[in-house]
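Please treat every number below as a calculation from the coordinates, not as lab data. Worth saying up front: this structure is predicted, and the values here are computed from it rather than measured. Because the Cβ atoms are built from the backbone with ideal geometry, glycine has one as well, and the counts that use them run over all protein chains shown.
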Amino acid sequence: MSLIVDNVSKEFRIRKGLKSSKLRAVNNVSLTLEPGKTIAIVGESGSGKSTIAKMIMRLEQPTEGSITVEGLHSDVRGSQSRDYLKLVQMVYQDPFASLNPFHTIAHHIGRPLKIHGRARSKDEVAEQVNELLSRVNLTPPETYAHRKPHELSGGQRQRVVIARALAPGAKYLVADEPVSMLDVSIRLSVLNLLARLQREDNLGVLYITHDLATARHFSDEIIVLYRGNIVEQGPSDEVILNPQHDYTKKLLAAAPSPANYGKLRASVQEELARSGSDSALDTVETLVEEQ
């Protein structure tokens with residue numbers, strides 16, 4: 001069983017005054033995500049990465065093609081709709097925007113537990129909420145359960161979002177740039193957390209990112225997307241170390257690395273000279289080291 005995206009395309013209608021046109025955001029994309037595996041989709045902003053994620057999560061309907069998760073189609077209705085969403089959950093880019101500021105952390109994690117019948121009594125819900133918080137390294141869980149999102153750091157909020165995604169018993173996670181809104185210093189710990197949870201639960205992870213370095217180290221396969229089209233696809237090391245398409249080569253050339261660090265540092269120093277600060281240089285050096 002697996003998550004299958006089969007020749008999926010998505011068109012949006014754009015209106016300008018009395019005229020309208022069609023924008024093909026995704027064009028004939030296919031992929032198969034198996035349990036225990038990670039597929040990274042990389043590409044620049046506007047390449048169609050998030051549109052694919054939204055179609056998998058039923059926030060958008062494909063114009064063409066089909067999406068199935070363990071035999072359930074994304075357009076199912078009724079009780080099967082709940083079964084579909086129980087199997088596939090999403091970790092959003094901005095953890096603060098994806099959490100209701102008026103509710104506690106216990107509410108955010110407890111609600112899917114009750115909706116999907118994984119806990120019924122108040123004690124069962126509290127016990128599983130604490131267990132999930134512990135699994136994402138928010139310990140002791142009692143310290144976090146009754147807080148609200150604004151009382152947590154960005155990294156802690158993203159851990160809550162991951163715990164909420166696990167609550168229904170998901171077998172597949174769609175992680176849409178899950179660390180891009182976090183400080184550089186905690187990105188690696190969140191990615192390591194996802195990798196550990198994947199091993200423990202045999203999760204299939206669709207990792208959407210523009211960061212080729214993390215795509216290589218945290219995925220089994222990389223799909224390079226350009227203007228809605230797959231231009232390159234293959235094992236992570238093969239795509240990164242032996243790119244075939246010109247667009248992939250350009251993405252790699254644009255990524256910070258020891259080879260182009262001098263140019264990057266010089267441009268940052270020039271910019272910081274105007275502001276009289278040098279604090280951003282540490283961030284640049286950290287980014288380069290991560291490559």
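Only Cα pairs under 8 Å and 6+ residues apart enter the sum, and on that basis the relative contact order of the chain stands at 22 percent. Give, as ranges by residue number, the residues of the stretch 145-184 whose backbone N falls under 19 Å from the point 7 Å along Cα→Cβ of S134. Residues 145-147, 159-169 fall inside that zone. Report note on the peptides 218-224, 142-148, 5-11, 38-44: ranked by the mean count of other C-beta atoms within 10 Å, highest first, their order is 38-44, 218-224, 5-11, 142-148.
Taken over the stretch 1-100, the ratio of Cα radius of gyration to 2.2 N^0.38 Å equals 1.18. Inverting the pair-averaged 1/r between distinct Cα atoms of the stretch 69-227 gives 16.3 Å as its Kirkwood hydrodynamic radius. If only the Cβ of Lys and Arg carry +1 and only the Cβ of Asp and Glu carry -1, the dipole of the chain around its Cα centre is close to 1260 debye. Ordered by the count of other Cβ atoms within 10 Å of each Cβ, fewest first, M181, M55, M1 give M1, M181, M55. The calculated 222 nm mean residue ellipticity attributable to helices in the chain amounts to -13000 deg cm²/dmol, summing -39500 (n - 2.57) over DSSP H runs of n ≥ 4 and dividing by all residues. With 0.36 nm allotted per residue and the present C-alpha distance subtracted, the L188-S2 stretch has 64.2 nm of extension available. Here the chain is described by how far its Cα atoms reach on the three principal axes: 60, 46, 45 Å, from widest to narrowest. With a cut-off of 10 Å between beta carbons, the residues surrounding K22 carry a summed charge of +1, where Lys and Arg count +1 and Asp and Glu -1. Spin-label model, S79/E238: points 7 Å from Cα along the beta carbon direction are separated by 4.3 nm.
Taking every DSSP beta bridge with both residues inside the chain, roughly what % is antiparallel (nearest 5)? Antiparallel bridges make up about 55 percent of those DSSP assigns within the chain. Straightening the chain between K114 and S30 buys 26.9 nm, computed as 0.36 nm per residue apart minus the Cα-Cα spacing.
Setting aside same-chain residues fewer than 8 positions from K171, which lysines have a Cα under 21 Å from its Cα? Candidates past the 8-residue exclusion: K37, K49, K54, K86, K114.
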